[in-house]
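Engineer: If you scroll down you'll find the structure; I have some questions about it.
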Amino acid sequence: MAVKKLRVFRADASSCNGCDIEVLEALLPRFKVGEYIDLVYEPEQAEALVITGGANFKTAEEVKAVYEKLREPKIVICVGSCAISKGIFAEGYSMLGPADKLGIPVTVWVAGCPPRPQAIAQAIASLLGLELDTSEEYWGVPEGFRGLPELDMDKCVACGACANSCPTGAMSFEDLEAEEAALRAVRVNYGLCIYCATCQEICPEEAVELTGEYRAWFKGKEEMLKGIEVPLRRCANCGRPFATNKQVEACLNRLLERAGRVYERLLDEVKHLMSYCHECRHLVANLRAGKALLTEADLAARSA
């Protein structure tokens with residue numbers, strides 16, 4: 001849209017008010033978009049609606065009523081993780097939102113818990129067609145800032161540790177099986193991420209890093225998904241995919257690093273047992289082979 005004064009109405013659909021504070025800060029003169037924004041106190045006066053928080057059974061109808069009262073072109077800006085996915089309140093019995101689940105078309109989503117005011121200002125600028133000068137120091141990030149997480153394709157073994165420990169479900173993985181190949185897709189959903197760094201701390205391969213990037217606004221939820229795909233290994237006995245090739249190799253390398261002298265001469269037996277899935281490892285013959293391997297390794301360790 002062309003640059004003009006945009007009249008904005010704010011609606012808190014049930015949040016901690018952290019995002020509301022950041023929205024108001026984004027309108028400060030130094031972020032350069034405030035002069036193009038008029039905050040109004042009646043939705044009938046506004047063309048744009050800023051929604052913070054996920055809607056519950058008390059606020060859902062109110063938010064929908066506010067949207068209906070907007071003037072055209074009815075711009076909707078959802079700010080923060082709760083407005084995108086209900087955030088930490090997602091499992092609450094009273095939650096009905098977010099906005100798109102209520103039938104409200106969203107123009108732009110601004111991710112974060114809460115987003116930086118710089119990110120909100122830049123999202124608004126993109127809607128207004130403004131080019132912002134971001135050379136001033138306050139557009140940067142402080143040391144230790146936790147921004148958007150990135151997956152290192154070379155390091156990631158798709159073990160799933162990040163997904164299993166992520167408190168919001170922002171990290172996830174899915175096994176995709178086809179006739180020609182089986183893959184494990186590891187995904188990060190920026191709309192769910194609260195930048196807690198749990199994924200970075202838990203990753204055994206140091207394949208996840210929280211970057212200094214904070215400019216996370218999106219026109220659609222599908223744009224929030226980023227990820228990689230890693231080939232899966234099939235069980236030598238039943239043929240089912242059970243782990244990625246890179247994960248099995250990483251486990252083997254870690255075993256040799258920590259107990260190389262013990263397992264060096266038993267390497268072929270170790271590789272053979274590691275080629276089975278969890279179910280097939282519990283077959284009687286494989287259990288016996290595993291116990292024999294451990295016994296031999298124990299004897300080797302005692303004599304080393």
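The values are calculated or read from the model by the stated rules, or taken from the named source; none is laboratory data. Predicted, not measured: the structure shown is a model, and the values here were computed from it. Positions of Cβ are backbone-derived with ideal geometry, glycine not excepted, and every protein chain shown enters the neighbour counts. Just the protein is used for accessible areas: all its heavy atoms, side chains included, with ligands, DNA and RNA removed. Shrake-Rupley method; radii C 1.70, N 1.55, O 1.52, S 1.80 Å.
Engineer: Taking 22 Å as R0, compute the FRET efficiency from the Cβ-Cβ separation of L255 and E201 and round it to 0.05.
Structural biologist: FRET efficiency, L255 to E201: 0.45.
Engineer: Can you pick out the pairs among K226/K246; K4/K64; K4/K226; K5/K219; K58/K221 whose Cα atoms lie more than 30 Å from each other?
Structural biologist: K4/K226
Engineer: Mean separation of Cα pairs under 8 Å and 6+ residues apart, divided by the residue count of the range 1-158: what relative contact order is that in percent?
Structural biologist: 25
Engineer: Find the lysine pairs in the range 65-166 meeting two conditions, Cα atoms under 23 Å apart and a separation of 8 or more places or different chains, and report how many there are.
Structural biologist: 4
Engineer: Please state, rounded to one decimal and in Å, the Kirkwood hydrodynamic radius that the chain gives when every pair of distinct Cα atoms enters the mean of 1/r.
Structural biologist: Computed over Cα pairs of the chain, the Kirkwood hydrodynamic radius comes out at 22.4 Å.
Engineer: If you put +1 on each Lys and Arg Cβ and -1 on each Asp and Glu Cβ, how big is the dipole of the range 6-136 around its Cα centre, in Debye rounded to 20?
Structural biologist: 260
Engineer: For the chain, set up a GNM with springs between Cα atoms under 10 Å and report which of D268, D20, D152 has the largest fluctuation.
Structural biologist: Looking only at D268, D20, D152, the biggest GNM fluctuation is shown by D268.
Engineer: What accessible area per residue comes out for the chain, rounded to a whole number of Å², with a 1.4 Å probe?
Structural biologist: With the other protein chains kept in place, the chain gives 54 Å² per residue.
Engineer: Of all accessible surface on the chain at a 1.4 Å probe, what whole percent is carbon and sulfur?
Structural biologist: Reported share for carbon and sulfur atoms: 51 percent.
Engineer: Choose one answer from G54, G147, G129: the residue with the largest mean-square fluctuation in a GNM of the chain with alpha-carbon springs under 10 Å.
Structural biologist: G129
Engineer: Further question on the same structure: For the range 169-304, go through all pairs of different Cα atoms, get the mean of 1/r, take its inverse, and jot down that Kirkwood value in Å.
Structural biologist: One over the average 1/r among Cα pairs gives 17.9 Å for the range 169-304.
Engineer: Within 10 Å, count the other beta carbons around each residue, average over each peptide in 191-198, 91-98, 216-223, and list them highest first.
Structural biologist: Descending packing order for the listed peptides: 191-198, 91-98, 216-223.
Engineer: Additional query: Sorting K226, K58 by accessible area (1.4 Å probe), largest first, what list results?
Structural biologist: Of K226, K58, the descending order of accessible area is K58, K226.
Engineer: So what is the 222 nm mean residue ellipticity for the chain from helices alone, if each DSSP H run of at least 4 adds -39500 (n - 2.57) and you divide by all residues, rounding to the nearest 500 deg cm²/dmol?
Structural biologist: Mean residue ellipticity at 222 nm (helix-derived): -9000 deg cm²/dmol.
Engineer: What residue among L27, L252, L183 shows peak mean-square fluctuation when the chain is described by a Gaussian network model with Cα springs under 10 Å?
Structural biologist: Judging by the Gaussian network model, the answer is L252.
Engineer: Find the centroid of the Cα atoms in the range 154-230 and in the range 240-286, then give the distance between the two in whole Å.
Structural biologist: Taking the Cα centre of each part, the range 154-230 and the range 240-286 sit 26 Å apart.
Engineer: Run through every distinct alpha carbon pair of the range 164-242 and return the Kirkwood hydrodynamic radius in angstroms, one decimal place.
Structural biologist: 14.4
Engineer: Which value, in debye to the nearest 20, describes the size of the charge dipole of the chain about its Cα centre when Lys and Arg Cβ atoms bear +1, Asp and Glu Cβ atoms bear -1, and nothing else is charged?
Structural biologist: Around 680 debye, computed over the chain.
Engineer: Using alpha carbons only, what's the Rg to Rh ratio of the range 1-129 with Rh from Kirkwood?
Structural biologist: Ratio value, two decimals: 0.95.
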